[in-house]
1. Going by what's in this entry, would Asn7 be described as assigned to a helix (DSSP H, G or I) and either surrounded by fewer than 19 Cβ atoms within 10 Å (Cβ to Cβ) or touching a residue at least 60 places away in the same chain (Cβ under 8 Å) (or both)?
2. Which residue out of Glu46, Glu57, Glu86 is under 14 Å from Cys104 (Cβ atoms) and charged (D, E, K, R)?
3. If you check Lys69 against the conditions, is it outside any helix (DSSP H, G or I), among the basic types (Lys, Arg), within 15 Å of Ala35 (Cα to Cα) and free of Cβ contacts under 8 Å to residues at least 40 places away in the same chain?
4. Taking the options Met112, Met100, name whichever one is touching a strand residue (DSSP E or B) at 6+ places or on another chain (Cβ under 8 Å), farther than 17 Å from Leu8 by Cα and either touching a residue at least 24 places away in the same chain (Cβ under 8 Å) or outside any loop (DSSP other than H, G, I, E, B) (or both).
5. Between a residue in the stretch 20-37 that is more than 17 Å from Asn105 (Cα to Cα) and of a type in the set (S, T, N, Q) and any residue that is buried (at least 24 other Cβ atoms within 10 Å of the Cβ) and at pLDDT 95 or above, which pairs come within a Cβ distance under 9 Å, given they are 6 or more apart or on different chains?
6. Given the conditions (1) within 10 Å of the chain's Cα centre (by Cα); (2) of a type in the set (Lys, Arg); (3) buried (at least 19 other Cβ atoms within 10 Å of the Cβ), and given that Lys27 satisfies all but one, which numbered condition is not satisfied?
7. Could you look through the stretch 73-101, keep only residues that are of a type in the set (D, E, K, R) and farther than 18 Å from Arg58 by Cβ, and pick out the one that is surrounded by the fewest Cβ atoms within 10 Å (Cβ to Cβ)?
8. Which numbered condition in (1) more than 18 Å from Met16 (Cβ to Cβ); (2) outside any helix (DSSP H, G or I) is the only one that Gly83 fails?
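The values are calculated or read from the model by the stated rules, or taken from the named source; none is laboratory data. Predicted model, so just to flag it, every value in this text is computed and none were measured. Here the Cβ is made from the backbone with ideal geometry for all residues, glycine too, and neighbour counts use every protein chain on show.
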Amino acid sequence: MTYNLNNLCKTAADAMQNAYAPYSGYKVGAALLCADGSVYTGCNIENASYSATNCAERTAFFKAVSEGKYNFIAIAVCGGKGGVIEDSPFPPCGICRQVMREFCNADFKIHMVTKNDIKTYTLDELLPYGFGPEHIK
């Protein structure tokens, strides 16, 4: 499936503005592209206990899965203090990578949006030797 990368990245940047980040001030947005062409957004949602915080990427995945979507093509992610996209790539955390591994193939694309560029990696590049559903069958 071909898709408009710039639109996906803009959707992630728009989602970043909805972030609830009163503790870190660091807002994150994500836009998850499903195989059927639909897009689910997510933002980080912080919590005073910190461990109950949810990342933008997982928010997008959980929204999509809760609506019956299980096939994904790519995700765009961006972040920055005060909702301003940073100059350097914003990689998903390890927990988000593990959630991606649950639902995505090794060639799933992760687009990290910076102020002036987009860095693209596959899930396999960011999570080599990932633990997946096939390991517990």
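1. Answer is yes for this residue.
2. Just a single option satisfies the conditions, and that option is Glu57.
3. Yes: the conditions hold for Lys69.
4. Met100
5. These pairs meet every condition: Ser24/Asn44.
6. Failing condition for Lys27: (1).
7. Selected residue: Asp87.
8. (1)
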